[in-house]
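Reviewing the structure listed below.
Each value in this text was obtained by applying a stated rule to the coordinates, not by laboratory testing. Because the structure is predicted, anything quoted here is derived from the model rather than measured. Here the Cβ positions follow ideal geometry from the backbone for every residue, glycine too, while neighbour counts run over all protein chains shown.
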Amino acid sequence: MVDHELPNTQSEVESEELNLQFQDKIGKEVKIEPKDWMPDGYRKTLIRQIAQHAHSEIIGMQPEGNWITRAPTLERKIGLLAKVQDECGHGLYLYSAAETLGITRDELLGRLHEGQMKYSNIFNYPTLTWADIGAIGWLVDGAAIVNQISLCRTSYGPYARAMVRICKEESFHQRQGYAMMIALTQGTTNQKTMAQDALNRWWWPSLMMFGPHDSESSHSSQSMAWKVKRQSNDELRQRFIDITVPQADHLKLTIPDPKLKWNKARGHYDFGSIDWDEFWAAVNGPGPCGEKRMKTRINAHENGRWVREAARAYACKHSGRRPAA
Amino acid sequence: MQTEPSQWPLWEVFVRSKQGLAHQHIGSLYAADAPMALENARDLYTRRQEGVSIWVVPSGDITASSPEDQGPFFEPAHDKVYRHPTFYPVPDGVENL
């Protein structure tokens, strides 16, 4: 190294070099692991995306938890309990993955509670009837699976591994939801009406789960270049529609979209336009249940504080060891 | 929002999925002490019979090689092709070698 060389230039050259090595790895499908060098933007994008995903899992426990005590049979109740427990587990896998990027779970929860981080808008819709629990399992988990299967190939190792575990567990969620829909559609007229009503209310919000159109999605192109995302919002949405329509047909339910039609030439279903005003209102506002969801979350956290502290005090007292940092 | 002053320690979890296989790293979790870490690991990682044995290790007790040193650290193995069977020619017609 030469003395009079500007340090700035030197570090810029180094950073350029690291960036090229990083992109080269991405190009060769080599996974990025926690302590590897990565661009700041990549790290920030991942923290935002993984945390939002984790928050969605734990907030998602609320609309379903709302029905555990009112499940119509014991079988439905243990199924729903297991599903809600899974969602909590998924949140934990994802917080762990986010923590490998140099942020703590505490900080992430703090940002959620202060409204600086988001979770999926879908959980701000109310669950009005038991059929909503079936529709959520079938449609909301169905949409999540389409997205998550794609994310099993994401470029960040810990996120990809969390996705693989989550996908293994999610298919039970979707099937138990679909089983509820089958039971309802084979039931009384009232039950059929209830199932149709749930589909009517959950169909469009489920399509919105894939996010805005590719042309409107602010993070998409960079995320695709980094292979954080592997398929675009519109591709994934189309895939979800294509696999879900025949499932609705089997239930003899009508998807609330008069423009929905098989397009033989494209090999896909055509569908009507999404009400993006509602979408952006839900993204930028609290949604029908947003305030309630946050209040419940913060209360759970605050009311659990003494338990966490007591467990730690007990552990210190009985281990005779130093209090772990 | 205040952060927890008394954060529980982080543990790494290793699970033996069945007899005959080695324990494999599966993830991490927070717990106040070792017995709680084991129970939490059971609830988090083996809800569907994914394991027959679990190890939990405080994350801070793990010493890891660093990625920056990846090249130099593993360099001694780079140029030793003679450690692989393919380095040695086998004449045509010679088998079971």
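Helix A:7-27 and the longest principal axis of the Cα set of chain A meet at an angle near 40°.
The long axis of helix B:34-45 is offset from the longest Cα principal axis of chain B by roughly 70 degrees. The residue among A:GLY115, A:THR129, A:ALA97 whose Cα reaches farthest toward the positive pole of the charge dipole of segment A:70-190, with charges on the beta-carbon of Lys, Arg, Asp and Glu, is A:THR129. Please work out the Cα center distance from segment B:2-75 to segment A:271-294, rounded to the nearest Å. Distance between centres, Cα-based: 38 Å.
Calculated FRET efficiency, A:ARG70 to A:THR193, Cβ-Cβ distance, R0 = 22 Å: about 0.75 to the nearest 0.05. The fraction of Cα-Cα pairs per 10 angstrom bin, counted from 0 for segment A:170-258, comes to 15, 40, 26, 15, 4, 0 percent, rounded to whole percents. Residue separation of B:SER65 and B:LEU97 scaled by 0.36 nm, minus their Cα-Cα distance, works out to 7.9 nm of gained length.
Principal-axis analysis of the Cα atoms of chain A puts helix A:74-99 at an angle of about 20° to the longest axis. Comparing A:THR185, A:CYS88, B:TRP55 along the charge dipole axis of the protein assembly as shown, the residue lying farthest to the positive side is A:THR185, per the Cβ-charge model. A simple spin-label model places pseudo-atoms 7 Å from Cα toward Cβ; at A:GLU114 and B:HIS78 they are separated by 4.6 nm.
Using the count of nearby Cβ atoms within 10 Å as a rough guide to exposure, how do A:ILE243, A:ILE103 rank from fewest to most?
A:ILE243, A:ILE103
Go through A:LYS83/A:LYS118; A:LYS28/A:LYS229; A:LYS227/A:LYS295 and tell me which ones have a Cα-Cα distance over 26 Å in this structure. Beyond 26 Å between Cα atoms: A:LYS227/A:LYS295. With r defined as the distance between the Cβ atoms of B:GLU39 and A:ASP277 and R0 fixed at 51 Å, what FRET efficiency is calculated, to the nearest 0.05? With a Förster radius of 51 Å, E is 0.60. When the trypsin sites (Lys or Arg not before Pro) in segment A:6-87 are filtered for DSSP coil states and for at most 16 other beta-carbon atoms within 10 Å of their beta-carbon, the remaining sites are A:LYS28, A:LYS35.
For the residues of B:23-34, the average number of beta carbons from a partner chain within 10 Å of their own beta carbon is 5. For chain B, the C-alpha radius of gyration divided by 2.2 N^0.38 Å, with N the number of residues, is 1.74. Positive-end ranking of A:LEU251, A:MET294, A:HIS268 along the dipole of segment A:231-303, with charges on Cβ about the Cα centre, is headed by A:LEU251.
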